[in-house]
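Asker: Attaching a single structure in structure tokens format; questions to follow.
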Amino acid sequence: MTDKPAPRTERVRTRRMHQRGAYDRATIDAILDAQPLAHVGYLLDGAPLVTPTLQWREGDHVYWHGSSASRMLERCDGAEVCVTVTLMDGMVMARSAYNHSVNYRSVMLLGRARIVDEREEKRERLRTMVEHMFPGRWDRLRAMTELEFKATTVLSLPIDEVSAKIRKGPPGDDDADLDIDVWAGVIPLRVEVGTPEPDPRGRQGVPVPDHVRRFRIG
């Protein structure tokens, strides 16, 4: 007899490397808020696909958006999806190939996505998407046209079935390997935010606002 697959909640709470797992909302929210890039896993005509997109968190929900013509957004509405967010913090160099690793922070969310179709809610979600990354920018922008509004879809996923996984610190070499004459340690990785580059086609000399200068990831 074939064993039944584990319930989804048990699959999220995997026991492999269980010491790296975290389930408290403070840890999960901090990772979601630190990294706007997410990957959405879903089924399209029976085939698994993963699509990168920008995500933002508001309270107990994660949102992402895209073109209303997107097959990904259409197929995600009302469907089970998997959303992952990851930050790489360092390459872990050990004294054996087996113990090489990566320092990282990640979140995985499972659930049923839905399209935000109520007009004012959708408009507010789009506003908070911009404000989440660039506080104070929305009110400076040219107002969204009706065509742009209709061409944009916003999806929502509750932060319900979710787990974080974190690896930090030095390599986990065996005590017997510590005296081997091989360099070991961590190569830190950071996202570097460069100097803002103005659009050469537009009006020149427009001051760079604080919400652009202060943009950070991580």
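Asker: For the range 58-98 and the range 145-213, what is the centre-to-centre distance using only Cα atoms, to the nearest Å?
Answerer: 13
Asker: Could you point to the residue in Ala38, Leu147, Ala26 farthest towards the positive end of the chain's charge dipole, with +1 and -1 charges on the Cβ of Lys/Arg and Asp/Glu respectively?
Answerer: Leu147
Asker: Report the FRET efficiency, 1/(1 + (r/R0)^6), for Val206 and Ala34, where r is their Cβ-Cβ distance and R0 is 22 Å, rounded to 0.05.
Answerer: Once the sixth-power term is evaluated, E becomes 0.15.
Asker: Would you calculate the separation in nanometres between label points at Val191 and Thr145, each defined as 7 Å from the Cα along the Cα-to-beta-carbon direction?
Answerer: 3.1
Asker: If you don't mind, there's one more thing I want to ask. Which ³J(HN,Hα) values, rounded to whole Hz and listed in residue order, are derived for the range 61-74 from phi using the Karplus coefficients 6.51, -1.76 and 1.60 in 6.51 cos²θ - 1.76 cosθ + 1.60 with θ = phi - 60°, glycine and proline given as x?
Answerer: Karplus values, whole Hz, x for Gly and Pro: 9, 10, 10, 8, 9, x, 5, 5, 8, 5, 5, 4, 5, 4.
Asker: Checking a compactness column here: for the chain, what do you get for Rg(Cα) / (2.2 N^0.38 Å), N being the number of residues?
Answerer: With N residues counted in the chain, Rg over 2.2 N^0.38 Å equals 1.24.
Asker: Turning to a different aspect of this structure: Determine the gain in length on full extension of the stretch Arg137-His100; use 0.36 nm per residue of separation and subtract their C-alpha separation, reporting nm with one decimal.
Answerer: This chain segment gains 9.1 nm when fully extended.
Asker: Ok, one more. Once R0 is set to 25 Å, what does the formula 1/(1 + (r/R0)^6) return for the Cβ-Cβ distance between Met88 and Leu44, expressed as a FRET efficiency to the nearest 0.05?
Answerer: 0.35
Asker: Name the residues whose placed amide hydrogens come within less than 5 Å of the amide hydrogen of Glu161, ignoring near sequence neighbours (fewer than 5 apart) on the same chain.
Answerer: Under 5 Å from the amide H of Glu161 lie the amide H atoms of Leu110, each far enough along the sequence or on another chain.
Asker: Follow-up. With charges only on Cβ, +1 for K and R and -1 for D and E, what is the dipole size of the chain about its Cα centre, in debye, rounded to 20? Each step should come with its number before you reach the end.
Answerer: Working: 33 positive and 33 negative charges, 87 e Å.
For the chain, the charge dipole is close to 420 debye.
Asker: Using the Karplus curve 6.51 cos²θ - 1.76 cosθ + 1.60 with θ = phi - 60°, what ³J(HN,Hα) values do you get for each residue of the range 21-29, in whole Hz, with x for Gly and Pro?
Answerer: Karplus-based 3J(HN,Hα) across the range 21-29 equals x, 9, 10, 7, 5, 4, 5, 5, 5 Hz.
Asker: Find the relative contact order for the chain and round it to a whole percent, using C-alpha pairs within less than 8 Å whose residues are 6+ positions apart.
Answerer: On the way: 357 pairs, mean separation 54.3, N = 218.
RCO, the chain: 25 percent.
Asker: Round to the nearest 10 and give me the degree value, 0 to 90, for the angle of helix 119-133's Cα axis relative to the longest principal axis of the chain.
Answerer: Once rounded, one gets 50 degrees.
Asker: Sticking with this structure for a sec: Could you work out which residue, out of Trp56, Trp183, Trp138, moves most in a Gaussian network model of the chain, that is, has the largest mean-square fluctuation with Cα springs under 10 Å?
Answerer: The residue that fluctuates most here is Trp183.
Asker: Still on this structure, I have one more. Can you give the FRET efficiency to the nearest 0.05 for Val182 and Gln19, using r as the Cβ-Cβ distance and R₀ = 25 Å?
Answerer: Efficiency, rounded to the nearest 0.05: 0.50.
Asker: Per DSSP helix of 4 or more residues, -39500 (n - 2.57); summed, then divided by the residues of the chain. What does that give at 222 nm, rounded to the nearest 500?
Answerer: So the helix-based figure for the chain works out to -5500 deg cm²/dmol.
Asker: Using θ = phi - 60° and the Karplus relation 6.51 cos²θ - 1.76 cosθ + 1.60, list the HN-Hα couplings for the range 139-147 in order, rounded to whole Hz, with x at every Gly or Pro.
Answerer: Per-residue couplings from phi come out as 6, 8, 7, 4, 4, 5, 7, 4, 5 Hz.
None of the figures in this text is laboratory data; all of them are computed from the coordinates on show. If you're wondering where the values come from, they're calculated on a predicted model, not measured in any experiment. Using ideal geometry, Cβ is built from the backbone for each residue, glycine included, and neighbour counts are taken over all protein chains shown.
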